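Inspection log for the structure reproduced underneath, given as structure tokens.
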Amino acid sequence: MSGRLWGSDMEEGRYKLDDFELYKVARAFRKRAYSLLKQLPLEEKYSLAVQMRRASVSVTNNIAEEHGRWHYQENIRFCRISRGSVDELIDDFNTCEDEGYGDQALVGELKAEAYDLIRRINSYIAYLGKTKQGGEE
């Protein structure tokens, strides 16, 4: 994987959160998940909608927190938390499918995006592990 995958605008050996590719992908995913939230029925306003909102924000919040830590073990821990939140959202999308909530094509697209995001998070975790093994911190 190229260095550009993980960031670009380097300042003092570090890069801005908004330039971090994994964060950008997660942020776009969160925005799309929010578009589904707006389609949920009123009776889900205080249950499924709240859960989905929290999980969606957790995905990007944990990637952002990981970004600011600059220690590989903490980075991996926050990535795993983010990955868990994506899995929670997959379950929520399954609920939307099962109950017929929202645009079903959007639900299917979000599930596909969620699995892709998990793949990207896993790749980044592997990259962090290899970086540590190679002595680069």
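So which residues in region 23-46 are polar (S, T, N, Q) and outside any helix (DSSP H, G or I)?
GLN39
Against the condition of a type in the set (Lys, Arg), modelled with pLDDT of 95 or more, assigned to a helix (DSSP H, G or I) and open to solvent by 50 Å² or more (accessible area, probe 1.4 Å), how does ARG4 come out, does it pass?
no
Condition first: free of Cβ contacts under 8 Å to residues at least 24 places away in the same chain and either of a type in the set (A, V, I, L, M) or more than 30 Å from GLY129 (Cα to Cα) (or both). Can you find one or more residues in region 57-77 that meet it?
No, region 57-77 contains no residue that is free of Cβ contacts under 8 Å to residues at least 24 places away in the same chain and either of a type in the set (A, V, I, L, M) or more than 30 Å from GLY129 (Cα to Cα) (or both).
Considering region 92-115 alone, what residues qualify as being closer than 13 Å to TYR34 by Cα and in contact with an Asp or Glu (Cβ under 8 Å, 6 or more places away or on another chain)?
Scanning region 92-115 gives a single hit, VAL107.
The values are calculated or read from the model by the stated rules, or taken from the named source; none is laboratory data. Keep in mind it's a predicted model, so treat the numbers as computed, not measured. For neighbour counting, all protein chains shown are included, and Cβ atoms are generated from backbone atoms with ideal geometry for every residue, glycine included. In case anyone asks, the SASA skips ligands and DNA or RNA and just uses the protein heavy atoms, side chains included. Shrake-Rupley method; radii C 1.70, N 1.55, O 1.52, S 1.80 Å.
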